[in-house]
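Here the structure comes first, spelled out in structure tokens, and everything after it is commentary.
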């Protein structure tokens, strides 16, 4: 019984290790199964007869298929569709080019066409007796006003009513020397500001050119001085009383003009500015044709408003285009704030900066500086002075308004050289449009009256509404839209509006 049990137990013992306990390696793999086992990774070997590779059609097969009627027809259809699409795109491009609005060619522009000029008749009054060096230190602040040119002086040596003592090539020691002027010119150029010298000979006397007997000799000195200073880097000259010298010695005046024009450098033209006391638009037209100055400063806008300004501007613009200079006050006449009502200073700033032509301001006009009782050369106000703080906020507001409009004037083509179109003109109210090609259009509306005015601007060139850009009226805020058929202006207020070009 025990022997039988031993045999049974012996037979029950496995002859091979349990497959689950066998090491997983390639040596224990079944060669016939096609499965290799190693470190727990199972690799399946695909038999060579099971592997296949796509080889495509042979050349002979392709040629055979390509010649069938179906493929020939398909190729022709695709080729025809390609050419139809290509011709269609070409025709569409031609139609777009033909129908697209043409860009209007830009007119000839000079540096004085891009922004206002700033006249400093008394350098020491402007700088607090710091002369040309003080003016150089203030160039950056003037650049913030976006002015394009400074009209300096006169700063030459001259004795009242004594032509023999005239020395146009010598700078008065009271303001500095040649090195100071050259440093000023360099600083201004770096801010894209040009420098013009006032070379009026007898600026301390009553007659700009001394007596009639001395005009010829003095004019010849001016010609030589113009040549001298432009060789030193000056960008132009200004002369008062041009009507007189052009009438008395026309040949010498022609030589002065030629001297200025001959100094053009690197396409940067030199400017010849004249000043006259004439206030008639008809006389100004004659004088412009006679003197051929680049800009003519006059009192044509003085003591005018509404209808009179509209008539003057239209007359001069139709005859002379953009060869115009607009000002209210200058070295001899005084400051803007002394000529207009305080409430209308911004209104007049807006007018001068948006008319077709070049605006010219006297120093301090941007802050409402007024003349002294006995002088048209008041000291430039400094907001840091304790005695002046009462008007600091007003001056800041005026300066900011001037800067904003001047900045627009320098960037917008419609305001630089755009067409001028009168829209409304009566005794108290004046409105006009400035537009250029596909640029944004601008509407200027000004009310000099003492009562509220309602304008109905319905010109075919205008939309139904426009956006406020700047305004002197608190009721018309920037970015507000106003109905142009019911534009309300409070007394002695003005607004600048804009609207986009629509093809």
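Based on what the data block shows, is residue 355 under 26 Å from residue 472 (Cα atoms), touching a residue at least 12 places away in the same chain (Cβ under 8 Å) and in contact with a strand residue (DSSP E or B) (Cβ under 6 Å, 6 or more places away or on another chain)? For residue 355, the condition - under 26 Å from residue 472 (Cα atoms), touching a residue at least 12 places away in the same chain (Cβ under 8 Å) and in contact with a strand residue (DSSP E or B) (Cβ under 6 Å, 6 or more places away or on another chain) - is met.
If the requirement is being assigned to a loop (DSSP other than H, G, I, E, B), farther than 19 Å from residue 236 by Cβ and in the same structural domain as residue 270 (by TED's automatic domain parsing), which of these qualifies: 129, 124?
Working: 124 fails: assigned to a loop (DSSP other than H, G, I, E, B).
Checking each option against the conditions leaves just 129.
Checked against (1) without any contact (Cβ under 8 Å) to a residue 40 or more places away in the chain; (2) more than 21 Å from residue 115 (Cα to Cα), residue 396 passes all but condition (2).
Only residues that are out of contact with any strand residue (DSSP E or B) (no Cβ under 9 Å at 6 or more places or on another chain) and in a strand (DSSP E or B) were counted across the stretch 161-205, and they come to 3. What about residue 90, is it assigned to a helix (DSSP H, G or I), under 30 Å from residue 267 (Cβ atoms) and free of Cβ contacts under 8 Å to residues at least 60 places away in the same chain? Taking the combined requirement at face value, the residue does not satisfy it. Annotation: of all residues in the stretch 282-326 being touching a helix residue (DSSP H, G or I) at 6+ places or on another chain (Cβ under 8 Å), touching a residue at least 60 places away in the same chain (Cβ under 8 Å) and assigned to a loop (DSSP other than H, G, I, E, B), the one that is surrounded by the most Cβ atoms within 10 Å (Cβ to Cβ) is 294. Among the residues of the stretch 218-260, those identified as touching a strand residue (DSSP E or B) at 6+ places or on another chain (Cβ under 8 Å), assigned to a helix (DSSP H, G or I) and either on the phi > 0 side of the Ramachandran plot or surrounded by fewer than 16 Cβ atoms within 10 Å (Cβ to Cβ) (or both) are 224, 228.
Matching residues to (1) over 28 Å from the mean Cα position of the chain (by Cα); (2) under 18 Å from residue 498 (Cβ atoms); (3) free of Cβ contacts under 8 Å to residues at least 12 places away in the same chain; (4) surrounded by 19 or more Cβ atoms within 10 Å (Cβ to Cβ):
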{"residue": "373", "(1), (2), (3), (4)": "yes, no, yes, no"}
{"residue": "379", "(1), (2), (3), (4)": "yes, no, no, no"}
{"residue": "382", "(1), (2), (3), (4)": "yes, no, no, no"}
{"residue": "400", "(1), (2), (3), (4)": "no, no, yes, no"}
{"residue": "435", "(1), (2), (3), (4)": "no, yes, no, yes"}
{"residue": "453", "(1), (2), (3), (4)": "yes, no, no, yes"}
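Evaluate the following for residue 494: is it crowded, with 17+ Cβ neighbours inside 10 Å and out of contact with any helix residue (DSSP H, G or I) (no Cβ under 7 Å at 6 or more places or on another chain)? Considered against the rule, which asks whether it is crowded, with 17+ Cβ neighbours inside 10 Å and out of contact with any helix residue (DSSP H, G or I) (no Cβ under 7 Å at 6 or more places or on another chain), residue 494 comes out as no.
Right, residue 79: farther than 24 Å from residue 237 by Cβ and assigned to a helix (DSSP H, G or I) or not?
In short, yes.
Hey, can you tell me all the residues within the stretch 403-425 that are touching a strand residue (DSSP E or B) at 6+ places or on another chain (Cβ under 8 Å) and part of a helix (DSSP H, G or I)? 404, 405, 408, 409, 414, 415 - these are the residues of the stretch 403-425 that are touching a strand residue (DSSP E or B) at 6+ places or on another chain (Cβ under 8 Å) and part of a helix (DSSP H, G or I).
Taking the stretch 455-486 as the range and being surrounded by 13 or more Cβ atoms within 10 Å (Cβ to Cβ), part of a strand (DSSP E or B) and under 28 Å from the mean Cα position of the chain (by Cα) as the test, the residues that pass are 465, 466, 467, 468, 469, 470, 471, 482.
What number of residues in the stretch 132-151 are assigned to a helix (DSSP H, G or I) and at positive phi? Break it down stepwise before answering.
Just the residues of the stretch 132-151 that are assigned to a helix (DSSP H, G or I), to begin with: 132-137, 139-144.
Retained after the next criterion (residues that are at positive phi): none.
Here the count works out to 0.
In summary, residue 210 fulfils each of the numbered conditions (1) on the phi < 0 side of the Ramachandran plot; (2) in contact with a strand residue (DSSP E or B) (Cβ under 6 Å, 6 or more places away or on another chain) with the single exception of condition (1).
Listed here are the residues, each with its yes/no results for (1) surrounded by fewer than 17 Cβ atoms within 10 Å (Cβ to Cβ); (2) modelled with pLDDT under 95; (3) touching a helix residue (DSSP H, G or I) at 6+ places or on another chain (Cβ under 7 Å).
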{"residue": "376", "(1), (2), (3)": "no, yes, no"}
{"residue": "390", "(1), (2), (3)": "yes, yes, no"}
{"residue": "411", "(1), (2), (3)": "yes, yes, no"}
{"residue": "416", "(1), (2), (3)": "no, yes, yes"}
{"residue": "422", "(1), (2), (3)": "yes, yes, yes"}
{"residue": "425", "(1), (2), (3)": "no, yes, yes"}
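The values are calculated or read from the model by the stated rules, or taken from the named source; none is laboratory data. Note that this is a predicted model, so its numbers are computed, not measured. Counting neighbours? That spans all protein chains shown, and the Cβs are built from the backbone with ideal geometry, glycine included.
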